[in-house]
Amino acid sequence: MRTLVGVGVWVYMVVAVLTEVLLYYQHLAYPVLVSVVSILATSQGVAIVLFYMQMKDEPASVKLFAIIPLMFLSALLVAELASLG
Amino acid sequence: MYTTNHKDVGLLYFFTSCYFGIVGAVLALLMRVQLSVPNNNFLNAFYYNQAVTMHGLIMIFWFLSPIAIGLANYFVPLQIGAKDLAFPRLNALSYWLYLAGGVLAVSSFFVPGGSASAGWTTYQPLAVLTAGSGPTLTYLGLVLLAVSITLGSVNFLTTIIWLRGPGVTLSKVPMFTWFFLFTIIAMLYAFPTIIAAFVLASTDRILGTVFFTTQAIQPSILWDNLFWFFGHPEVYIVLLPAFGIIANVIPQFTGRPLAARNAILVATALVVIPLSFGVWMHHMFLTGIPVALQGAFSIATIAISIPFDVITLAFVESLIRGRVKFATPMLFSLGGVVLFIIGGITGVFLSSPVLDRVFRGSYFVVSHFHYVMVGAAIFGIIAGIYYWLPRMTGHMYNEKLGQLHFVISFIGFNILYFPMNLLYDMPRRIFTYQNVGNWAMLNGIASIGAFIFAGAQILLAWNVLHTWFRGPQAPPNPWGSPDLEWTSHAEGMSPAANTSSPAPAGGWIGQLSSAPAAAAASAEATPYAAGEHAHLSSRPLQLSVGIMLFLAGAATWPGITALGLLVVGGLVVIYAFWEWAKDDMHGRFTMPDEAEGERWPFGGVPKLKLGMWVFLSSEVVLFGSFLGALIFIRAASPNWPPAGSIHDIPLGTVNTLVLVTSGLTMFLAIQAIRQGDQRRLLGWLGTTFALGSVFMGIKVSEWITLGTNHFVLTNPTYSLAASAYYIIVGLHGAHVTAGLIFMIYLMKKTSSGFYTKENHEAIENFGLYWAFVDIVWCFVFPLFYLL
Ligand code: HEM
Ligand SMILES: [Cu+2]
């Protein structure tokens with residue numbers, strides 16, 4: 001059963017990577033490409049964390065260790081970009 | 001030398017940081033001599049700039065934080081009833097890396113061109129343009145220090161949440177441990193950005209990357225963001241342990257529990273820590289960032305001073321309500337609070353972008369941060385030294401001398417720093433000045449104060465040493481403290497004498513335990529005498545020496561000495577790792593079994609796994625800072641090479657799929673051993689190893705092609721893009737390679753039948769690591785290849 005889930009995640013990963021590359025060849029508007037790729041990459045990360053790292057089975061307190069750094073990081077990123085004016 | 005015992009390591013930290021403190025103090029005194037009269041030429045600009053820079057760096061990084069870490073090493077396990085830290089060898093490694101970093105930094109004075117001289121804030125591009133290997137040595141020393149602190153944070157965090165003894169529920173954890181917990185949370189997320197910043201600055205100096213020398217973008221903004229994102233949390237990192245000590249000390253000398261203990265904890269946990277990562281731009285008000293951003297950060301800065309009002313008021317209330325006994329630890333705590341109030345008030349002035357225009361870069365700022373960093377932080381630490389000296393030495397210090405020390409320190413401190421508030425019109429970091437206004441007089445007074453303050457510390461040193469060797473016997477619990485480090489001690493010394501009352505119960509977080517604190521008096525009763533040799537490991541020392549030599553070689557590159565250092569250092573590192581692995585294979589290093597104690601809210605999580613999660617949590621910020629830097633550079637540069645023009649997209653796609661597949665095979669490896677199937681485990685590990693190797697192989701071939709296509713650092717068209725690509729992809733590759741090497745070890749252990757259904761923690765944890773490396777690539781790939 002778990003094996004099946006693992007393979008399912010892998011299939012999703014492959015599809016996501018290929019989608020990213022195919023979209024690149026479509027010559028979309030740059031902002032569109034950036035947003036779609038960001039969403040896909042993030043979803044890959046989430047899939048790995050939840051299933052391969054089995055975060056979904058961990059107590060909420062462990063989940064915090066994933067969420068806190070992301071909060072700080074997004075603050076850093078947003079401010080870095082904002083300070084470009 | 002080879003110890004991994006937390007008390008020994010604590011003392012090592014303590015004395016080493018005192019040594020660095022003396023170095024920093026000598027530099028400061030030299031500066032004060034130079035500034036004592038106008039137009040002085042005791043130190044010229046060359047030496048003055050080095051002194052001012054290294055004074056700041058050494059005091060902040062090699063003295064203030066480490067001395068707190070030393071006390072924490074000694075007392076956090078005792079306060080929570082743990083036998084040792086969660087990972088004793090890692091703890092020893094942290095210490096040796098700290099020392100190795102310090103040696104690199106101090107050695108920079110002795111190379112041609114001198115040490116770093118661009119200020120402790122290392123503003124770019126000024127710093128990176130300073131020639132010589134001295135600054136590089138310092139930066140690499142800082143990287144080592146930051147790595148040491150990150151590892152230490154993982155260790156302490158795991159210890160505090162996982163190794164609390166029976167009955168030590170969160171509501172019974174003493175204040176010092178609580179505040180140190182807050183400190184390490186801040187460290188865990190702040191230090192990775194400084195690693196990123198100084199790695200980038202060092203590669204600029206060593207490998208010729210152009211992150212901060214490029215003309216294509218405004219790299220100073222990048223530096224400021226990275227540095228101050230770390231820098232502001234750092235000021236709390238310095239402050240909070242001292243606050244913890246003060247909060248720990250006050251109840252013992254007022255005869256009543258700390259007022260508003262839970263309010264203090266909640267304010268710190270929910271406001272100070274999160275917000276400390278959200279105010280850094282108040283250091284950048286004058287860098288031309290947009291006004292809206294300035295407004296937001298100004299408000300956040302004022303907001304963060306509110307919880308400190310809560311804390312300060314709580315301290316004051318405790319003092320008013322209690323009957324105060326003015327023993328030395330209490331005096332220093334009081335002094336710390338008073339000086340913090342003064343420093344905090346000047347800080348609020350500075351948080352206004354308008355006023356900051358006047359005060360920025362002046363001695364007003366110098367006064368502000370010394371009131372908080374020296375006044376509050378060092379006074380708090382000194383309070384802790386006196387407070388715990390009887391526990392560390394078994395002897396009582398000389399109270400009269402301690403009080404004298406306080407009086408002279410307090411007076412000296414104010415003579416030193418108060419005049420600087422009036423020097424708000426004098427720029428800082430200048431090596432000399434004209435005789436205008438009252439500058440000469442105020443500076444002269446400050447210099448006199450400096451010598452009074454520094455001289456007073458001789459009393460401290462004498463008192464500590466005298467107590468250690470000659471002091472009268474101290475009672476087991478001289479302050480009548482309810483905390484475990486004293487009560488368990490008292491019990492150990494005379495089992496009948498334990499009349500401690502339970503710690504003031506809070507129960508604020510919904511977990512109340514009926515077990516009295518005294519039940520946890522387990523740690524001290526069984527000292528580590530049995531099987532003591534099993535706790536010695538020479539590997540942390542060897543590893544640190546190897547790394548130090550290697551980095552010294554890198555910093556002084558090129559040259560024959562440098563080459564020698566690189567080779568020898570590299571060999572020592574390999575040897576240390578090899579032997580460390582062998583120790584483990586043969587089970588040569590064993591840790592004491594920990595009694596099952598309080599672990600809420602992390603009950604079901606194994607210790608190593610928790611450590612791994614904490615570590616990865618910090619790695620998120622490390623990679624995030626690098627990727628953030630990349631995105632910043634990318635967004636800022638007008639002519640970045642378009643996607644597809646440099647990198648081979650089909651090849652990159654294939655390689656990505658290879659790595660993704662290795663994620664699956666690693667997952668299957670874990671599933672195999674969970675069912676106890678060793679053969680399948682070995683098979684899947686082997687497959688993962690093979691895929692990882694293919695990934696690295698393709699990487700190398702890509703790099704070779706890129707090199708032949710002139711995608712190199714020295715090519716002006718591509719220098720920035722190449723810098724970013726090689727460093728970030730290289731860092732990821734290094735993580736993959738480290739994983740591959742570790743997999744060899746795992747495979748060897750598997751084939752000897754070591755892992756079983758019940759016992760395979762290492763496999764699970766490696767799975768976490770490997771998956772993490774996979775995730776990073778999911779972001780690196782599109783960033784470089786597709787966007
Ligand atoms: C009440 C809370 C605080 C406020 C509102 C505050 C505000 C500020 C501001 C606005 C600056 C920038 C001044 C400038 O460069 O023009 C500053 C600088 C500084 N603060 Fe604070 N601060 C506070 C507490 C602290 C604490 C607790 C520490 C350390 C323990 C600290 C250490 C520093 C340092 C080291 C600098 C100077 C950095 C440099 O070299 O440029 N501050 N503070
Ligand atoms: Cu700040």
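The values are calculated or read from the model by the stated rules, or taken from the named source; none is laboratory data. Owing to the predicted nature of the structure, the values given are computational and were not obtained by experimental measurement. Positions of Cβ are backbone-derived with ideal geometry, glycine not excepted, and every protein chain shown enters the neighbour counts. In case anyone asks, the SASA skips ligands and DNA or RNA and just uses the protein heavy atoms, side chains included. Shrake-Rupley method; radii C 1.70, N 1.55, O 1.52, S 1.80 Å.
Couple of notes before you dig in:
- Pair-distance distribution P(r) for region B:1-129, from all Cα-Cα distances in 5 Å bins starting at 0: 2, 10, 17, 19, 15, 12, 9, 7, 5, 3, 1, 0 percent.
- Alpha-carbon Debye profile of region B:612-714, log10 I(q)/I(0) at 0.14, 0.17, 0.24 Å⁻¹: -0.82, -1.03, -1.21
- Residue of A:Leu18, A:Leu40, A:Leu50 that the Gaussian network model of chain A assigns the largest fluctuation, springs spanning Cα pairs under 10 Å: A:Leu18
- For B:Thr130, no residue has an amide H sitting under 5 Å from its own, ignoring neighbours fewer than 5 places away on the same chain, with H placed 1.01 Å from N.
- D (Stokes-Einstein, µm²/s), Kirkwood Cα radius, the protein assembly as shown, 1.567 mPa s at 4 °C: 45
- For region B:256-267, backbone phi angles converted through the Karplus equation (6.51, -1.76, 1.60; θ = phi - 60°) give residue-by-residue couplings of 8, x, 4, 5, 6, 3, 6, 4, 4, 5, 5, 4 Hz, Gly and Pro being listed as x.
- Mean projected area (nm²) of the alpha-carbon convex hull when region B:391-461 is viewed from all directions: 6.2
- The C-alpha atoms of region B:156-266 occupy a region whose extents along the principal axes are 62, 27, 20 Å, arranged from largest to smallest.
- The mean sequence separation of alpha-carbon pairs under 8 Å and at least six residues apart, normalised by the residue count of region B:190-236, gives a relative contact order of 50 percent.
- Remark on B:Gly119: its backbone amide H falls under 5 Å from those of B:Thr53, a criterion applied only to residues 5 or more positions apart or on other chains, H modelled at 1.01 Å from N.
- Cross-link partners of B:Lys400 among lysines, defined as those whose alpha carbon lies under 16 angstrom from its own and excluding same-chain residues fewer than eight positions apart: B:Lys325.
- Percent of C-alpha pairs per 10 Å bin, region B:643-786, short to long: 11, 40, 26, 15, 7, 1
- Relative contact order for region B:4-107, counting Cα pairs under 8 Å that sit 6 or more residues apart, in percent: 46
- Viscosity 0.890 mPa s, temperature 25 °C, Stokes-Einstein D of chain B from Kirkwood C-alpha radius, µm²/s: 88
- Based on C-alpha pairs under 8 angstrom that are at least 6 apart in sequence, chain B has a relative contact order of 16 percent.
- Sparse packing (at most 15 other Cβ atoms within 10 Å of the Cβ) combined with a DSSP loop state is found for the following chymotrypsin sites (Phe, Trp or Tyr not before Pro) in region B:25-98: B:Phe42.
- Relative to its Kirkwood radius, the Cα radius of gyration of region B:84-141 gives an Rg/Rh of 1.16.
- B:Trp462 - accessible surface, heavy atoms, 1.4 Å probe, Å² rounded to 10: 140
- Count Lys and Arg as plus one, Asp and Glu as minus one, and take only other residues whose Cβ is under 15 Å from that of B:Tyr417; the net charge is then +2.
- Amide H contacts for B:Glu598 (H built 1.01 Å from N in the peptide plane; partners 5 or more residues away or on another chain; cut-off under 5 Å): B:Arg164, B:Gly165, B:Gly167, B:Val168.
- Per principal axis, descending, Cα span of region A:1-53 in whole Å: 41, 16, 9
- Each listed q (0.32 Å⁻¹) maps to a log10 I(q)/I(0) for region B:1-46 from the Debye sum over equal C-alpha point scatterers, namely -1.04.
- Reachable aspartates and glutamates, given that their alpha-carbon falls under 14 Å from the alpha-carbon of B:Lys83 and they are not under 8 places away in the same chain: B:Asp8, B:Glu485, B:Glu524, B:Glu532, B:Asp593, B:Glu594, B:Glu596, B:Glu598
- Total formal charge among the other residues, if their Cβ is under 15 angstrom from that of A:Ser61, Lys/Arg +1 and Asp/Glu -1: +3
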